[in-house]
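Asks: Take this structure, written in structure tokens, and hold onto it; I'll ask about it next.
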Amino acid sequence: MARTDGRVGLAPFLVVSNLLVWISAVIVMGIVSYFISLNDRYVSGHIIYEEVISVLTVAFLLLSFILGSYPGYSLLFNIVFSYLWLVSVVFTAEDWSSDYAGALDHTVEAFSFIAFFFLFFNVLYDWHFGFRGHVRTNAAV
């Protein structure tokens, strides 16, 4: 199955990539929290979604560092969260890809894309690393 070569821990690419995803999620979480604090009467469902996804990413990415040495856990995490961040990128592009949007709006949009981008490449890297076609033999030794 996955990662049969006896390595423990995450590959250096995944460590750097996960760190970039975590930093992007923290930045998105902070800016979106600021937007929510500015308007306490009505908050868009898209903003709440982006906040929830960024908070969950910050929390579960720390858990992913611990479980990263076990087969399939980091791949499952990366697949699920890459789709969640893809939806977040679509929401931010829909809400804030206009000329009248401010710098913080564009910052949320950019860092949401960075989080999705590196999570997507984590999926590709982890899939290739874990399932690269090892030949199984029926030898007794």
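The values are calculated or read from the model by the stated rules, or taken from the named source; none is laboratory data. Computed from a predicted structure; not experimentally measured. For neighbour counting, all protein chains shown are included, and Cβ atoms are generated from backbone atoms with ideal geometry for every residue, glycine included. We work out accessible area using only protein heavy atoms, side chains counted, and drop any ligands, DNA or RNA first. Shrake-Rupley method; radii C 1.70, N 1.55, O 1.52, S 1.80 Å.
Asks: With a point put 7 Å past each Cα toward its Cβ, work out how far residue 90 is from residue 34 in nm, to one decimal.
Replies: Distance between label points: 2.8 nm.
Asks: For residue 107 and residue 127 in one chain, what is 0.36 nm times their gap in residues minus the Cα-Cα distance, to one decimal in nm?
Replies: Here the segment from residue 107 to residue 127 would lengthen by 4.2 nm.
Asks: According to a simple spin-label model (label point 7 Å from Cα along Cα-to-Cβ), what is the distance in nm between residue 63 and residue 80?
Replies: Distance between the two pseudo-spin positions: 0.7 nm.
Asks: Still on this structure: On a full-extension model of 0.36 nm per residue, what is the gain between residue 15 and residue 100, subtracting their alpha-carbon distance, rounded to one decimal in nm?
Replies: Between residue 15 and residue 100, full extension yields 26.9 nm more.
Asks: Further, regarding this structure: Which order do 22, 127 take by accessible area at a 1.4 Å probe, largest first?
Replies: Result of the area sort, largest leading: 127, 22.
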